1. Tell me whether the stretch B:61-74 contains one or more residues that are modelled with pLDDT of 95 or more and within 30 Å of A:Arg9 (Cα to Cα).
2. Surrounded by 22 or more Cβ atoms within 10 Å (Cβ to Cβ), within 12 Å of the chain's Cα centre (by Cα) and not basic (Lys, Arg), is that true of A:Ser93?
3. Within the stretch B:16-35, which residues are at pLDDT 95 or above and of a type in the set (D, E, K, R)?
4. Which number in (1) in a loop (DSSP other than H, G, I, E, B); (2) out of contact with any Ser or Thr (no Cβ under 7 Å at 6 or more places or on another chain) marks the one condition that A:Gly16 misses?
5. Would you check if A:Thr53 is more than 17 Å from B:Phe97 (Cβ to Cβ), in contact (Cβ under 8 Å) with a residue 60 or more places away in the chain, among the polar types (S, T, N, Q) and surrounded by fewer than 13 Cβ atoms within 10 Å (Cβ to Cβ)?
6. Within the stretch A:71-109, how many residues turn out to be at pLDDT 95 or above, outside any strand (DSSP E or B) and of a type in the set (S, T, N, Q)?
7. Identify the single condition in (1) of a type in the set (A, V, I, L, M, F, W, C); (2) within 14 Å of B:Ser101 (Cα to Cα); (3) touching a Phe, Trp or Tyr at 6+ places or on another chain (Cβ under 6 Å) that B:Leu46 does not satisfy, given that it satisfies every other one.
8. With the requirement that a residue be charged (D, E, K, R), farther than 16 Å from B:Val86 by Cα and either in contact with a Leu (Cβ under 7 Å, 6 or more places away or on another chain) or touching a residue at least 60 places away in the same chain (Cβ under 8 Å) (or both), what does the stretch B:12-56 give you?
Amino acid sequence: KAGVTQTPRYLIKTRGQQVTLSCSPISGHRSVSWYQQTPGQGLQFLFEYFSETQRNKGNFPGRFSGRQFSNSRSEMNVSTLELGDSALYLCASSLLWSPGGGDTEAFFGQGTRLTVV
Amino acid sequence: EDKVVQSPLSLVVHEGDTVTLNCSYEVTNFRSLLWYKQEKKAPTFLFMLTSSGIEKKSGRLSSILDKKELFSILNITATQTGDSAVYLCAGYNFNKFYFGSGTKLNVKP
């Protein structure tokens, strides 16, 4: 089955612009998480969506937002881009079980490399 | 606050060396500990550990979990240049994955 698909793979934007990134999870997965990865900070959690609801949010400013559609595809939006937003943005999908259920792992997409100039 | 801490942050070894990567966690309602290898873009899954003291092995890689001391180690024996990557660990509690910052391993010929 197809893996996690992120588009676009690369983006170059200028400061002040906004950007929208897309993530299509593995078929059947309802949880999508977004991460920002930079050489200095490592993998930083942005937010997680499950069944179109944001369940968890990391410590990022309000310029970072997201949503999830009924088909589980998710988009992440960053407004008023800053130079420091340049990073690899990864999304991961998983089956989330309730306590007592089975184990799961997160499957990552290839990421979107965003460069802000 | 739930968190996962990996050490060392980076490591340089020579081919043939054995390395041990560390991962300590504080995750409420902890369920499992996962290891990933990230070479260029997408982290790829290595191991999932849920029980203390049971080693998981895949070729030259092995990992073990200590739920009493709240840590896990990833061992790589007879390292090769292809093992050069960032190794990530994550704690999972049915709610979300908590990732560490990763250990960057550089294996020199």
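1. no
2. Working: surrounded by 22 or more Cβ atoms within 10 Å (Cβ to Cβ): yes; within 12 Å of the chain's Cα centre (by Cα): yes; not basic (Lys, Arg): yes.
Yes.
3. B:Asp17, B:Glu26
4. Every listed condition holds for A:Gly16 apart from (2).
5. Numbers: more than 17 Å from B:Phe97 (Cβ to Cβ): yes; in contact (Cβ under 8 Å) with a residue 60 or more places away in the chain: no; among the polar types (S, T, N, Q): yes; surrounded by fewer than 13 Cβ atoms within 10 Å (Cβ to Cβ): yes.
Against the criterion (more than 17 Å from B:Phe97 (Cβ to Cβ), in contact (Cβ under 8 Å) with a residue 60 or more places away in the chain, among the polar types (S, T, N, Q) and surrounded by fewer than 13 Cβ atoms within 10 Å (Cβ to Cβ)), A:Thr53 does not qualify.
6. Qualifying residue count for the region: 3.
7. Going through (1) of a type in the set (A, V, I, L, M, F, W, C); (2) within 14 Å of B:Ser101 (Cα to Cα); (3) touching a Phe, Trp or Tyr at 6+ places or on another chain (Cβ under 6 Å) one by one, B:Leu46 breaks only (2).
8. Initially, the stretch B:12-56 is screened for residues charged (D, E, K, R), giving B:15, B:17, B:26, B:31, B:37, B:39-41, B:55-56.
With the extra rule that they be farther than 16 Å from B:Val86 by Cα, the set shrinks to B:15, B:17, B:26, B:31, B:55-56.
Residues satisfying the conditions are B:Glu15, B:Asp17, B:Glu26, B:Arg31, B:Lys56.
The values are calculated or read from the model by the stated rules, or taken from the named source; none is laboratory data. Every value quoted in this text rests on a predicted model; they were computed, and no experiment measured them. Cβ: placed from backbone, ideal geometry, glycine included. Neighbour counts: every protein chain shown.
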